[in-house]
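The values are calculated or read from the model by the stated rules, or taken from the named source; none is laboratory data. Small disclaimer: the values here were computed from a predicted structure and weren't measured. Here Cβ is always computed from backbone atoms with ideal geometry, including for glycine, and neighbour counts include all displayed protein chains. Note: areas computed on protein heavy atoms with side chains; ligands, DNA, RNA excluded. Shrake-Rupley method; radii C 1.70, N 1.55, O 1.52, S 1.80 Å.
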Amino acid sequence: MLKKTRLALGGAALFLAWNGLLLLFLWGRPTPSKPAQKSPKNPLESPKLLPAQLLQLAQDAEAELRRQRDLLLQIQRLSRHKIHQKTPKPPQISTGAAEEDLPVIPVLVLACDRSSVRRCLDKILRYRPSARRFPVIVSQDCGHAETAAVIASYGQAVAHIHQPDLSDVPVPPEHRKFQGYYKISRHYRWALGQVFRTFRYRAAIVVEDDLEVAPDFFEYFQAVLPILQRDPTLWCVSAWNDNGKEGLVDSSKAELLYRTDFFPGLGWLLLAELWDELEPKWPAAFWDDWMRQPEQRRGRSCVRPEVSRTMTFGRKGVSHGQFFDQYLKFIKLNDRFVPFTQMDLSYLKKDRYERFFLQQVYSAPEVKLDELQKGFGKDLGPVRLQYRGRDSFKALAKALGLMDDLKSGVPRAGYRGVVSFVCRGRRVFLAPPQDWTGYDPSWS
């Protein structure tokens with residue numbers, strides 16, 4: 001950039017010098033010949049035309065020099081602006097297809113009264129590789145003026161839609177303190193309806209206003225979308241690992257992806273076909289826990305990463321910071337761009353994944369908790385820690401710093417009851433016995 005600036009300034013200086021020489025040439029050029037005139041009676045009258053011509057020429061020259069000086073200053077300002085505006089972006093990966101042939105996946109950002117939505121939007125707009133393929137729709141509830149002004153400041157970079165019904169939701173007397181959860185569920189239903197019914201998109205990424213995305217956020221979803229479309233045993237793709245705290249993941253394996261029976265949310269992709277299924281029975285409140293019920297999941301799984309592609313900075317909210325101080329604020333956000341669209345992700349298909357994953361889990365040597373905590377064995381190969389009931393799982397998870405709650409019997413980030421994580425630098429599988437037969441919804 002510095003070299004380009006020097007070349008631009010040198011060119012401007014050369015241009016000015018050329019114009020100066022041109023002006024000198026004009027000054028020294030003889031005037032065109034005219035028909036002979038009679039000599040004036042007074043010889044002092046003949047030179048009067050020369051000063052007037054010189055004065056006009058000098059004025060023209062001064063105006064031209066001022067214009068050239070202004071041009072030079074504009075070149076200097078433009079060069080400095082380009083240097084200052086140079087912002088690093090993730091590498092653009094060639095998919096081998098023309099941009100117009102790639103799917104359009106809108107990002108639906110659900111907002112309410114957090115003016116810090118700017119942090120969310122800045123990263124989304126910075127990292128998205130194409131405005132055409134990833135349009136951003138911000139759906140705002142609450143009618144909060146300051147947040148609305150922040151969203152409006154992005155102009156045409158985002159589409160700003162407003163949830164029209166801001167009234168309180170009728171709730172049972174015992175749920176008065178949960179009014180916020182009812183409004184959130186109502187907002188989700190309206191906003192997803194806009195995306196899939198009004199705008200007629202075929203897929204969408206859902207993000208809330210307190211999430212920050214990773215550099216390869218869009219690369220990840222773009223790569224996994226075809227698998228979601230072809231595999232009926234999957235129903236979502238999530239950017240989130242519930243057990244993605246710094247010491248529980250292998251940051252050097254940011255390309256690792258898993259299947260999980262737990263609906264993670266927090267930056268997730270769904271298809272229009274799934275909304276066709278869910279919309280008629282959408283719940284009045286607690287939509288995310290409702291998604292985790294067997295009636296909705298229907299034995300299907302989601303894809304989730306080893307290292308999260310989102311992190312939350314929203315401690316304040318309707319949940320009053322539940323889990324935030326203990327877990328959420330420690331989630332590791334991936335900072336390395338992984339070219340997922342150039343990778344073979346067919347290992348995520350159910351039959352192939354289960355063969356490999358379950359063989360890996362149950363071929364790992366079983367260890368006890370105290371052995372694991374003391375650094376069992378000389379090598380750092382994977383090991384298995386076995387639980388045999390609800391209380392056993394919760395005790396082990398709590399001792400290891402994992403999230404220990406279960407939803408309809410499914411552990412967070414679990415697949416077929418197995419939770420994969422890292423402890424003291426080695427891979428650990430917290431797993432049920434090999435004859436596991438399914439989740440018990442009473443484990444909640």
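Given H placed 1.01 Å from N in the peptide plane, which residues other than close sequence neighbours of LYS245 have an amide H under 5 Å from its amide H?
LYS332
Could you pull out every residue, at least 5 positions away or on a different chain, whose amide H is within less than 5 Å of the one on ALA204? Hs are placed 1.01 Å off N in the peptide plane, and Pro or chain starts have none.
Residues meeting the criterion, in which the H sits 1.01 Å from N, are LEU270.
Under 5 Å between amide H atoms, partner at least 5 residues away or on a different chain: which partners does CYS236 have, H built in plane at 1.01 Å?
For CYS236, whose amide H was placed from the backbone, the distant partners under 5 Å are VAL303.
So what are the ³J(HN,Hα) numbers for segment 108-113, from phi and the Karplus equation (6.51, -1.76, 1.60; θ = phi - 60°), rounded to whole Hz, Gly and Pro as x?
Working through the residues one at a time gives 8, 9, 8, 10, 9, 10 Hz.
Which one of PHE376, GLY401, SER308 is farthest out on the positive end of the charge dipole of segment 255-405, using unit charges on Cβ (Lys, Arg +1; Asp, Glu -1) and the Cα centre as origin?
PHE376
Carbon and sulfur together cover what percent of the accessible area of segment 329-433 at a 1.4 Å probe radius? Please report the intermediate quantities before stating the final value.
On the way: 2510 of 5000 Å².
After summing per-atom areas, the C and S share lands at 50 percent.
With a sphere of radius 11 Å drawn around the Cβ of TYR347, what net charge do the other residues whose Cβ falls strictly inside it have (Lys, Arg +1; Asp, Glu -1)? Walk me through the numbers before you get to the answer.
Values: positive: ARG259, LYS349, LYS350, ARG352, ARG355; negative: ASP344, ASP351, GLU354.
It works out to a net charge of +2.
Charges only on Cβ, +1 for Lys and Arg, -1 for Asp and Glu: so what's the dipole of segment 348-441 about the Cα centre, in debye to the nearest 20?
280
Can you work out the accessible area per residue across segment 208-322, with the rest of the protein chains kept in place, probe 1.4 Å, in square angstrom? Please report the intermediate quantities before stating the final value.
On the way: 3690 Å² over 115 residues.
Per residue, segment 208-322 has 32 Å² of solvent-accessible surface.
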